[in-house]
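Novice: Right, I'll just put the structure down here and ask away after.
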Number of protein chains: 2
Amino acid sequence: MVEAEPAPGETPERKVRDEDGAIDARFLEQVSQAVLLSDVTALRKLVAELHEADLGDLIEALDQDERPKLISLLGNDFDFAALTEVDDAVREEILDELSPETVAEGVRDLDTDDAVYILEDLDEADKREILDKLTPAERTVLQQGLDYPEGSAGRRMQPEVIAVPPFWTVGHTIDFLRETEDLPERFFEIFVTDPSHHFVGTVPLDRLLRSKRPVSVVDLVEDDRRVVQATDDVEDVARMFQRYNLVAAPVIDAAGRLVGVMTIDDIVDVIEEAGDDDVKQLAGVDAEEEISDSVRQVALGRFRWRFISLVAAFISASVMALFEEQLGKLVALAVLAPIVASQGGNAATQTMTVAVRALGTGELGGWNMARFFRREMIVGVLNGVAFALITALVAGFWFGNPTLGVVIGLAMVATLIIAALAGVAVPLVLDKAGIDPAISSGTFVTTITDVVGFFSFLGIATLLLRLS
Amino acid sequence: MVEAEPAPGETPERKVRDEDGAIDARFLEQVSQAVLLSDVTALRKLVAELHEADLGDLIEALDQDERPKLISLLGNDFDFAALTEVDDAVREEILDELSPETVAEGVRDLDTDDAVYILEDLDEADKREILDKLTPAERTVLQQGLDYPEGSAGRRMQPEVIAVPPFWTVGHTIDFLRETEDLPERFFEIFVTDPSHHFVGTVPLDRLLRSKRPVSVVDLVEDDRRVVQATDDVEDVARMFQRYNLVAAPVIDAAGRLVGVMTIDDIVDVIEEAGDDDVKQLAGVDAEEEISDSVRQVALGRFRWRFISLVAAFISASVMALFEEQLGKLVALAVLAPIVASQGGNAATQTMTVAVRALGTGELGGWNMARFFRREMIVGVLNGVAFALITALVAGFWFGNPTLGVVIGLAMVATLIIAALAGVAVPLVLDKAGIDPAISSGTFVTTITDVVGFFSFLGIATLLLRLS
């Protein structure tokens, strides 16, 4: 990224990020030194003007014990908004170390949505202690955000909005904006509400600016009135933003009253997280696992899924054990069986991943299910036959046994067709049953393909090679 | 999503989407009927007022031959912006069917970035034919966009921007906005440029609205001047938008002249696609594969990776074949060997996925590499020991052979440590070498764990069980 001028707080002598966009090693070293020496002057000079995103990444880069120390040293110069930019584990650790007074002082200056984000994961007692340090007015607005369910729009919205009555003109509105001191830091639209605060419509700022002063705001209201309910799931809201290219949307309560606004910068994080969750869960990693989690958290989180997969592996092995006699008579079977199983697993994983992701982004549903199913089955058969032929030829020549080639070929066709079927059916059935297919499809699907792979290969071998 | 009123074009008798957000089956049927009967009046009533996103999804839901027919029937009432919302394969198919005149007429009314998006994937001859139908002015602006490299900000930016000279006041600027007819459809900020069109700064609309008329625009310019180079990769731009919570950013050319603006709605799609690409590629599916691709495209796309994985499977099998004698003597080895290999594969996949995704989002780099490596190795050892004990116990009891339990336990420890090592090292090395780790890590890593799993298990068995 080329910048017309150094970013704020960045001087020729001080480079905050290296070419890859990571915190620059030399800069990190300087900050670390200043923290170690408790050199407040140097530290302030280094970090006081950083963007919250840079400050957040810097905090993550520091050692665990340097993080709260940096915040204490900076005092009021520390921008708590940086804590919204760090991993959950890092934030919790830091908040544990800081006094409730410091945290209360820090969140007081934040936008409400940022303050709620920082406080929401604390346990009830800590949360209460911090809220008690605030003024009643500050406390009420934070408490309202925290009262909405986790993962809802109410938690992520900004309750400070600019709402004007329908009878105001453009001129009146502009004068109001010029004269009011305490406006939200950044806004893209103003809202029109009736006297009982019910939502009437949205006026984007560019419309306001294009219109002459006597025009009534209600005439500028957008036709397209997409609104968010405060209890809506943020992932649904994200899908709506993405589908209709929204930058902001009004949030209303059950009675239709305007309670806040959601903006795209919060939504962007939701969209990235959703993709992130699918990637991780498909690989058997907790969606919550973060790059800065401790060994303990990671080891425990991964143990659970690995245990299930171990049980599944023993189930597949017990299918193989059914054919001990045949395996003993022809060792080539033991060598080739894992190939059939692993190829089935790969084919099923391809199909399953496409299905899971398409379900996740809402691309798969209703009308195109049947089309998708048919396509995957045809691809399964085509690739099944192609790979059966290749495998049959290689295996037949390798062991100088053409019948063994025929056996593995037939087993591959059968396994790859079942793999396509399982790859489509398992995620769809789980999704219908209300279970997140990203989390659970993988183990089901590979267990099915392992069992089918071993059973078909060894079963067909028993029949055709007269091994029993 | 609850809406205060039915969405535009949606009446109580006509529901466009069902509860899951997919195109409603009854609505689809009605549209399909109207297309079949060439009933233009009914069709216009059904779809003419749809949002481009709904129209795009509707087009995807129609059968292949109904799609161009719908567009021809609607004529000038068809909003070509809907074609930016459909999968690439669907768009290409439709554009092939339509005459160059129809396409030229359709893209003429679009925002430049949408028009470029629709035209960019056409082959040169088709593109030329369509551009030739436009006026020289229209053609020049599209050609400028198309001349930027694929995947660059220049391709995705909106070249129509509002730029004012530094000496203008707020009042002058507002008057200009009120009097100019041909402003961009939607904008969030205005730009200040010097007489030679060099970028000076950005003024968000809310700043303009808060300020009194005599204030000079140059005094309202944001301190934080993040700009995009037209040749920057859109994925890098997306990362910058996400990091600094941007809604729009000016795009400049190599000489520092303002050439356009990138807005968050384009960036959102880039972010989702990056997540999507990682998910698919980790499962051996082409990043370009889309839910509406044909059987042929899908079968060919998946064949390549599957072929590589088959070669890898034969390599692993040939390691097993080294121990034919031992396998023949003790069939339990054949039953248990796939367990060791598959557990190694699972552990490595967990680590690898976390690494690939963290590299993709820029969370892993520089300072935290060493920390991540150490953590993954410790987790590998801990889980290795835990799973070794479980597997050893189960296998020892199952086959009534305690030494066999010890063998599989030792093999598991060895395999899981190598798995952790490979899971971290392979993506990092590929990334350093400039190869996308999402595409290629999987096959490398599972081949390593299969080979190590089979070799360590059968090798240790040979030593401890005196099988040779």
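Novice: Which whole-number percentage describes the relative contact order of chain A, with Cα contacts under 8 Å and a sequence gap of 6 or more?
Specialist: Working: 611 pairs, mean separation 48.4, N = 468.
Result for chain A is 10 percent.
Novice: So the label point sits 7 Å from Cα along the Cα-to-Cβ vector; using that for A:Glu101, what distances do you get to the other copies, in nanometres, sorted shortest first?
Specialist: Output for A:Glu101: 8.1 nm, nearest copy listed first.
Novice: Then there is this: Leaving out ligands, DNA and RNA, calculate the buried accessible area for the pair B and A with a 1.4 Å probe, summed over both sides, in Å² to the nearest 100. Mind showing how you got there, number by number?
Specialist: Values: alone 25360 and 25330 Å², together 38350 Å².
Buried: approximately 12300 Å² between A and B.
Novice: A further question follows. If you count, for each residue, the other Cβ atoms within 10 Å and average over each peptide, how do A:72-85, A:451-464 line up from highest to lowest? Working shown, then result.
Specialist: Working: A:72-85: 18.7, A:451-464: 21.9.
Result, highest mean first: A:451-464, A:72-85.
Novice: At q = 0.09, 0.11, 0.13, 0.14 Å⁻¹, what base-10 log of I(q)/I(0) does the Debye formula yield for chain A when every alpha carbon is treated as an equal point scatterer in vacuo?
Specialist: These q points yield log10 I(q)/I(0) values of -0.82, -1.02, -1.20, -1.28.
Novice: Here's something else I'd like to know. Put a point 7 Å out from Cα along the line to Cβ at A:Arg371; what are the distances to that point in the other copies, in nm, shortest first?
Specialist: In nanometres, ordered from closest: 4.7.
Novice: Still on this structure, I have one more. Find the chain B residue whose Cβ sits closest to the rotation axis that carries B onto A, and give that distance in whole Å.
Specialist: B:Gly275, 1
Novice: Could you list the residues of region A:296-326 with an amide nitrogen less than 14 Å from a label point located 7 Å from the Cα of A:Gln64 in the Cα-to-C-beta direction?
Specialist: Counting backbone N atoms under 14 Å from the label point, the list is A:296-299.
Novice: Something else about it: In nm, give the distance between the simple-model label positions of B:Lys212 and A:Glu150, each being 7 Å from the Cα along the Cα-to-Cβ direction.
Specialist: 5.1
Novice: Averaged over its residues, how many other protein chain Cβ atoms are within 10 Å of peptide A:174-180's Cβ atoms? Walk me through the numbers before you get to the answer.
Specialist: Numbers: counts 5, 1, 1, 5, 7, 2, 1.
Going residue by residue through A:174-180 and averaging, the value is 3.
Novice: Shortest first and in nm with one decimal, please list how far the B:Val141 label point sits from its counterparts in the other copies (point 7 Å along Cα→Cβ).
Specialist: Reported distances to equivalent positions: 4.1 nm.
Novice: Now a separate question. If you keep only loop residues by DSSP, which GluC sites (Glu not before Pro) in region A:161-249 have at most 10 other Cβ atoms within 10 Å of their Cβ?
Specialist: Values: sites: A:Glu179, A:Glu181, A:Glu185, A:Glu189, A:Glu222, A:Glu235; in loops: A:Glu181, A:Glu185, A:Glu222.
The qualifying sites are A:Glu181, A:Glu185.
Novice: Averaged across A:269-279, how many Cβ atoms of other chains sit within 10 Å of each residue's Cβ atom?
Specialist: Working: counts 3, 0, 6, 8, 1, 2, 12, 8, 1, 4, 14.
Counting Cβ atoms of other protein chains within 10 Å of each residue's Cβ and averaging gives 5.
Novice: Ok, one more. Rounded to the nearest 10 Å², what accessible area does A:Val161 show when all protein chains are kept and the probe is 1.4 Å?
Specialist: 40
Novice: Quick one: putting +1 on the C-beta of Lys and Arg, -1 on the C-beta of Asp and Glu, what dipole do you get for region A:163-282 around its Cα centre, in Debye to the nearest 20? Intermediate results must be reported in sequence, preceding the final value.
Specialist: Working: 12 positive and 25 negative charges, 159 e Å.
Rounded to the nearest 20 debye, it is 760 debye.
Novice: Okay, next question. Given a Förster distance of 60 Å, report the FRET efficiency between A:Leu467 and A:Gln143 from their Cβ-Cβ distance, rounded to the nearest 0.05. Kindly include the intermediate steps, with their values, before the conclusion.
Specialist: On the way: r = 73 Å, r/R0 = 1.21.
E between A:Leu467 and A:Gln143, to the nearest 0.05, is 0.25.
Novice: With a point put 7 Å past each Cα toward its Cβ, work out how far A:Thr41 is from A:Thr231 in nm, to one decimal.
Specialist: It is 5.9 nm.
Novice: Here is a further query. Note down the magnitude of the dipole of the protein assembly as shown about its Cα centre, charges +1 on Lys and Arg C-beta and -1 on Asp and Glu C-beta and zero elsewhere, to the nearest 20 debye.
Specialist: Working: 78 positive and 162 negative charges, 845 e Å.
Dipole of the protein assembly as shown, to the nearest 20 debye: 4060 debye.
Novice: Quick check on the protein assembly as shown: what are the equivalent-ellipsoid semi-axes from the Cα gyration tensor, as sqrt(5λ), descending, whole Å? Could you put the intermediate results ahead of the total?
Specialist: Values: eigenvalues 549, 258, 122 Å².
Gyration-tensor ellipsoid for the protein assembly as shown: 52, 36, 25 Å.
Novice: What figure, in Å² to the nearest 10, do you get for the accessible area of A:Glu273 with a 1.4 Å probe and non-protein molecules left out?
Specialist: About 100 Å², rounded to the nearest 10.
Novice: Here's something else I'd like to know. Of the options B:Val340, B:Gln326, B:Met377, report the single residue whose Cα projects farthest towards the positive end of the charge dipole of region B:304-391 (beta-carbon charges: Lys, Arg +1; Asp, Glu -1).
Specialist: About the Cα centre, the residue reaching furthest to the positive side is B:Met377.
Novice: Return the distance in nm (one decimal) between the two label points of a simple spin-label model at A:Asp126 and B:Arg257, each offset 7 Å from Cα along Cα→Cβ.
Specialist: 5.5
Novice: Let me ask something else. Kindly express, to the nearest 10 degrees and within the range 0 to 90, the angle between helix B:264-282's C-alpha long axis and the longest C-alpha principal axis of chain B.
Specialist: 20
Novice: Also: Within chain B, how many Lys pairs that are eight or more residues apart, or on different chains, come under 24 Å at the alpha-carbon?
Specialist: So the count of such lysine pairs works out to 6.
Novice: Rounded to the nearest 0.05, what FRET efficiency is calculated for A:Leu393 and A:Leu322 with R0 set to 41 Å and r the Cβ-Cβ distance? Show your work: numbers first, answer last.
Specialist: Details: r = 28 Å, r/R0 = 0.68.
Calculated value: 0.90.
Novice: So which residues in region B:347-370 end up with at least 40 square angstrom less accessible surface once the other protein chains are there, compared with the chain by itself, probe 1.4 angstrom?
Specialist: Residues shielded by partner chains are B:Gln350, B:Thr353, B:Val354, B:Arg357, B:Glu363, B:Trp367.
Novice: As I understand it, the value is the acute angle between the Cα axis of helix A:369-398 and the longest principal axis of the Cα atoms of chain A; what does it come to in degrees, rounded to 10?
Specialist: Roughly 40 degrees, rounded to the nearest 10.
Novice: Could you go through region A:94-100 in sequence order and give the Karplus-derived ³J(HN,Hα) for each residue, using 6.51 cos²θ - 1.76 cosθ + 1.60 with θ = phi - 60°, rounded to whole Hz, and x for Gly and Pro?
Specialist: Running phi through 6.51 cos²θ - 1.76 cosθ + 1.60 with θ = phi - 60° gives 5, 5, 4, 7, 8, 6, x Hz.
Novice: While we're looking at this one, here's another question. Within region B:210-240, what residues put their amide N at less than 20 Å from the label point 7 Å along the Cα-to-Cβ vector of A:Arg26?
Specialist: none
Novice: For the protein assembly as shown, with every protein chain kept in place, what is the accessible area per residue (1.4 Å probe, Å²)?
Specialist: On the way: 38350 Å² over 936 residues.
I get 41 Å² per residue for the protein assembly as shown.
Novice: Apply 1/(1 + (r/R0)^6) to the Cβ-Cβ distance of A:Ala48 and B:Ala433, taking R0 = 30 Å, and write down the FRET efficiency to the nearest 0.05.
Specialist: On the way: r = 39 Å, r/R0 = 1.31.
The value I calculate is 0.15.
Novice: So between B:Glu185 and B:Met369, what do we pick up on full extension, going 0.36 nm a residue minus the alpha carbon distance? Walk me through the numbers before you get to the answer.
Specialist: Values: separation 184, 0.36 × 184 = 66.24 nm, distance 4.54 nm.
Value of the extension gain: 61.7 nm.
Novice: Carbon-plus-sulfur fraction of the accessible area of the protein assembly as shown, 1.4 Å probe, in percent?
Specialist: For the protein assembly as shown, the apolar C and S fraction of the accessible surface comes to 55 percent.
The values are calculated or read from the model by the stated rules, or taken from the named source; none is laboratory data. None of the values given here were measured: they were computed from a predicted structure. Cβ sites come from the backbone with ideal geometry, for glycine too, and all protein chains shown count toward neighbours. All accessible areas refer to the heavy atoms of the entire protein, side chains included, with ligands and DNA or RNA removed. Shrake-Rupley method; radii C 1.70, N 1.55, O 1.52, S 1.80 Å.
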